[in-house]
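Written out below as structure tokens is the structure these notes cover.
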Amino acid sequence: MPSTAIVFATDERYAGPLQGTIRSLTAHLGDGEASLFVVAVDLSRSAKDDLARAARPFDVAFIPLSTASLAVTDFSLNPQLTPATVARLRIPDLLPASIARALYLDVDVLVRRPLTELLRTPLKDQAIAAVQDPAHPWLGSGGETFPWRALGLDPRVPYCNTGVLLIDLARWRAQDLTTRTLRLLAEHQLRWIDQDAVNGTLVGDWHHLPPTWNMLAPFHGTGQTYVHEAVDALDEALADPRIVHFAGAVKPWTFDGRTLAFADEWLAHFLATPYAEKHRPLRRSAHLRWAAGKAGGRLAHAGATLLSKPARW
């Protein structure tokens, strides 16, 4: 087994979209480069089977968790998040001892290039590596969105986005970060849940990755939101991002997601998934709208049709 793992976490709500994301990953993953894991939060057998099919020819190991075990905070502050988002805080306790580092990816990302360089990134003495958040680059960005004042923290400390998170498992465990982040979640109402917990616990002590490894699609083309990045690194990320992150309420699979940068690439992967195969009329409709949108110089797809189906996404 490789000493590096790539890990996702999902419940039934996001299991469908995760199939498209996994397809984008496996298109760029080298044989034996990493083991694939999915933290399965109350996930049905059929959802697991479809995810395993979507990952072929790679194998996926499923780690079962219950929603109850992750209900450590109030999710009403951010309804788009589910308890499965907290699972990333438990990854170091769930993976086999033979795994030395893990790359956690949100379900709403698009992998566009090989990950070899990212997986081999030296972390020095830090437990994680991540990209500084373009919309919330410092703890104090956005006023009191993050409770830096209540926590007695410097608002100028950099704040990272944890949708792409490289973890040195030994260092995470040595710093007892699972216990500390979960304690922070239990003691404070945090809007961005686990992401706020990581930033409130590490307080800037994380390795900065170039923005190409987590380019937020809603901010693509609006370089002013990346004022904290070096110009050359920003230009590279805008021109050819290696991982695109569809952060926010608008996703490639929602009707209004047609305007997102790179939504057409994500949809192309999704159209090859077991979910799309099971819904052939939906697959044809999505393909036609996607093709028509590209021909017309804009992105379009059958998000509204997707949402009318029984799957809860």
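The values are calculated or read from the model by the stated rules, or taken from the named source; none is laboratory data. Keep in mind that what you see is a predicted model, and the values were worked out from it rather than measured. Positions of Cβ are generated from backbone atoms using ideal geometry, with glycine treated the same way; all protein chains shown enter the neighbour counts. To get the accessible areas, we keep the full protein, side chains included, count just its heavy atoms, and leave off ligands, DNA and RNA. Shrake-Rupley method; radii C 1.70, N 1.55, O 1.52, S 1.80 Å.
Out of region 141-171, which residues are under 30 Å from residue 111 (Cα atoms) and over 19 Å from the mean Cα position of the chain (by Cα)? Before you say what the answer is, go through the steps one by one.
In the first step, residues of region 141-171 are kept if they are under 30 Å from residue 111 (Cα atoms); the result is 141-142, 145-146, 157-171.
141, 142, 145, 146, 157, 158, 170, 171 - these are the residues of region 141-171 that are under 30 Å from residue 111 (Cα atoms) and over 19 Å from the mean Cα position of the chain (by Cα).
Taking region 147-161 only, how many residues are out of contact with any Gly (no Cβ under 8 Å at 6 or more places or on another chain) and not in a loop (DSSP other than H, G, I, E, B)?
2
Residue by residue through region 255-296, note down the ones that are modelled with pLDDT of 80 or more, farther than 24 Å from residue 240 by Cα and not in a helix (DSSP H, G or I).
If the condition is that a residue be modelled with pLDDT of 80 or more, farther than 24 Å from residue 240 by Cα and not in a helix (DSSP H, G or I), then 273 is the only one that fits.
Suppose we filter 108, 93 for residues that are open to solvent by less than 60 Å² (accessible area, probe 1.4 Å) and touching a residue at least 60 places away in the same chain (Cβ under 8 Å); which single one remains?
Numbers: 93 fails: open to solvent by less than 60 Å² (accessible area, probe 1.4 Å).
Answer to the check: 108.
Each row is one residue, and each column tells you yes or no for (1) open to solvent by 20 Å² or more (accessible area, probe 1.4 Å); (2) without any contact (Cβ under 8 Å) to a residue 40 or more places away in the chain.
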{"residue": "116", "(1), (2)": "yes, no"}
{"residue": "132", "(1), (2)": "no, no"}
{"residue": "137", "(1), (2)": "no, no"}
{"residue": "151", "(1), (2)": "yes, no"}
{"residue": "162", "(1), (2)": "no, no"}
{"residue": "187", "(1), (2)": "yes, yes"}
{"residue": "199", "(1), (2)": "no, no"}
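Yes or no, residue by residue, for (1) of a type in the set (D, E, K, R); (2) in a strand (DSSP E or B); (3) under 12 Å from residue 130 (Cα atoms); (4) touching a Gly at 6+ places or on another chain (Cβ under 6 Å):
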residue	(1), (2), (3), (4)
163	no, yes, yes, no
167	no, yes, yes, no
170	no, no, no, no
178	no, no, no, no
181	no, no, no, no
196	yes, no, no, no
199	no, no, yes, no
204	no, no, yes, no
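Look through region 46-97, keep the residues that are modelled with pLDDT under 95 and of a type in the set (Gly, Ala, Ser), and return whichever of them is nearest to residue 130 (Cα to Cα).
Across region 46-97, the extreme among qualifying residues is 87.
Only residues in region 241-266 that are touching a residue at least 12 places away in the same chain (Cβ under 8 Å) and open to solvent by less than 20 Å² (accessible area, probe 1.4 Å) count as the first member; pair them with residues that are in a loop (DSSP other than H, G, I, E, B) and of a type in the set (S, T, N, Q), Cβ under 7 angstrom, at least 6 apart or cross-chain, and list the lot.
Pairs that qualify, where the first residue is touching a residue at least 12 places away in the same chain (Cβ under 8 Å) and open to solvent by less than 20 Å² (accessible area, probe 1.4 Å) and the partner is in a loop (DSSP other than H, G, I, E, B) and of a type in the set (S, T, N, Q), are 243/214; 245/214.
Within 19 Å of residue 103 (Cβ to Cβ), open to solvent by 20 Å² or more (accessible area, probe 1.4 Å) and not charged (D, E, K, R) - does that describe any residue in region 8-18?
Step one: list which residues in region 8-18 are within 19 Å of residue 103 (Cβ to Cβ), which gives 8-10, 14, 17-18.
Pick out the ones that are also open to solvent by 20 Å² or more (accessible area, probe 1.4 Å) and you get 14.
Add one more test, that the residue is not charged (D, E, K, R), and what stays is 14.
Looking through region 8-18, at least one residue is within 19 Å of residue 103 (Cβ to Cβ), open to solvent by 20 Å² or more (accessible area, probe 1.4 Å) and not charged (D, E, K, R).
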